[in-house]
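Q: Mind looking over this structure? Questions follow.
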Amino acid sequence: MPAAATGIVIFAHGSGSGRMSPRNNEVAAGLREAGLATLLLDLLTPAEEKDRRNVFDIGLLASRLTESADWTRNQPELSSMPIGYFGASTGAAAALVAAAEGQNVAAVVSRGGRPDLAGEALHAVSAPTLLIVGGADRPVIPLNHSAFEQLSCEKDLVIVPGATHLFEEPGTLEQVMQHAKRWFSRFLTSPRQNAPDDLVFADRREAGRRLVPLLIKFKDQKPVVLALPRGGAPVAFEVAQALNAPLDVVLVRKIGAPGHEELGLGAVVDGAHAQVVLNDEIVRAVQPGNAYLKAETSRQLAEIERRRHLYRGDEPPLDIAGRTAIVVDDGIATGGTVKAVLKALAKAKPSRLILAVPVAPSDSLAELRSEADEIICLTTPDPFYAVGMHYREFGQTSDQEVIELLHRSKSSGHVHARR
């Protein structure tokens, strides 16, 4: 840890390498010169390393990264520092999964990584992400391009000319170091260190309580409160309790293009009457055909039905027609998912459609202005880093917690209008 360090970078090694990796140690030395602390550790025990399958156990590697981040936050000299992940090979996928689950990671850099192995977690990453790939690493380049398209956070993809997978060519690892220093130096300055307390929330429940004074004016309109699961549920629960309003979740699934699922043709949004929102421009360009759209929509509706049953059992969604509907999430980064939700809910003809979030960048809110009757947001930081950077506690919300909050809301005696 250099003097006056502004952040800490935790290294996620891949392909069975560990804290002694010469390439990662060279990059770490460069990051320390830029005023960043570094943490290199073995993600696998000696016994685990003997089983080659563990190198590709992304969930296991990600859990070790999460544990190391938790340890960092419990060290007095490190607790206020924003955390970045630097992942190589399979470690890049682990870094992205850990960032998606923890959400309070400030930035991610991948070197010669396999971000595609992060799967669905790519859609949940809010931390600014830089993918660095060697220009001669031909099998990995398309995998990074595909992962890049699935990321909705602030992102960049850099190809280092002439570099192979391990960046062993003269000067190529130096370029990796410079790109990593640029990315981490930009994003690893903590808003928590300089922001007043009213711009940082203790947790999601507190964020919900702080939204209440701005939403209490809707109480007499007998609104319904709709949470975007999973992170939006604890925020929305506090709002629903204060407004004596029924609480429900609104589920959304992307409709991917044929052979390129990461390219969104539109989305299916749950409700009393499920709505399909298509991106007409992309549909015209791809021309997937009505049969494909119908089949893919049916497939995503089936997944929504499965998740709906998980959260609600056999109860149908709330009917919002003619009522004030308040859509709540724990924060907004790019706003793409929220935009699809608002467009779909508008088709259900609520009397008013309100979006309420604790934190979001102002440019994302500007993109959503035409989709809601009113948008309420407590803070719009500039620069905006990640939603989780504005919470002191921002762990992953579990399915079980969502189920319990919905049950508690129902048990509190609110009248649910369902169809």
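Q: Go through the stretch 329-373 and give me each residue that's at pLDDT 90 or above, among the basic types (K, R) and closer than 17 Å to Q275 by Cβ.
A: K349 - this is the single residue of the stretch 329-373 that is at pLDDT 90 or above, among the basic types (K, R) and closer than 17 Å to Q275 by Cβ.
Q: Which one of the conditions (1) at pLDDT 85 or above; (2) buried (at least 18 other Cβ atoms within 10 Å of the Cβ); (3) under 25 Å from V200 (Cα atoms) does V27 fail to meet, given that it meets all the rest?
A: (3)
Q: Same structure, new question: Strands (runs of 3 or more DSSP E) wholly in the stretch 247-349 with at least 2 residues that are in contact with an Asp or Glu (Cβ under 6 Å, 6 or more places away or on another chain) - which ones?
A: So the answer is 252-257.
Q: In the stretch 71-114, how many are assigned to a strand (DSSP E or B) and of a type outside the set (D, E, K, R)?
A: Adding up the residues that qualify gives 10.
Q: Here is a follow-up. Being under 15 Å from the mean Cα position of the chain (by Cα) and either in a helix (DSSP H, G or I) or farther than 28 Å from Y311 by Cα (or both) is the filter here, so list the residues in the stretch 365-413 that pass it.
A: Answer for the stretch 365-413, where residues must be under 15 Å from the mean Cα position of the chain (by Cα) and either in a helix (DSSP H, G or I) or farther than 28 Å from Y311 by Cα (or both): F384, Y385, V387, G388, M389, H390.
Q: If the Cβ limit is 6 Å and pairs must be 6+ apart or interchain, which residue in the stretch 138-161 that is free of Cβ contacts under 8 Å to residues at least 60 places away in the same chain pairs with which residue that is buried (at least 17 other Cβ atoms within 10 Å of the Cβ) and hydroxyl-bearing (S, T, Y)?
A: L151/T129; K155/T129; V160/T172
Q: Residue check: is R230 without any contact (Cβ under 8 Å) to a residue 24 or more places away in the chain, farther than 21 Å from A348 by Cβ and basic (K, R)?
A: no
Q: Would you mind telling me which numbered condition in (1) modelled with pLDDT under 90; (2) more than 17 Å from G7 (Cα to Cα); (3) touching a Gly at 6+ places or on another chain (Cβ under 8 Å) A100 fails?
A: Checking A100 against (1) modelled with pLDDT under 90; (2) more than 17 Å from G7 (Cα to Cα); (3) touching a Gly at 6+ places or on another chain (Cβ under 8 Å), the one that fails is (3).
Q: Another question about this same structure. Checking the structure you have, find out if any residue of the stretch 385-395 is in contact with a helix residue (DSSP H, G or I) (Cβ under 7 Å, 6 or more places away or on another chain) and at pLDDT 85 or above.
A: no
The values are calculated or read from the model by the stated rules, or taken from the named source; none is laboratory data. This is a predicted model, so every value here is computed, not measured. Quick reminder, even Gly has a Cβ in these numbers, built from the backbone with ideal geometry, and neighbours come from all protein chains shown.
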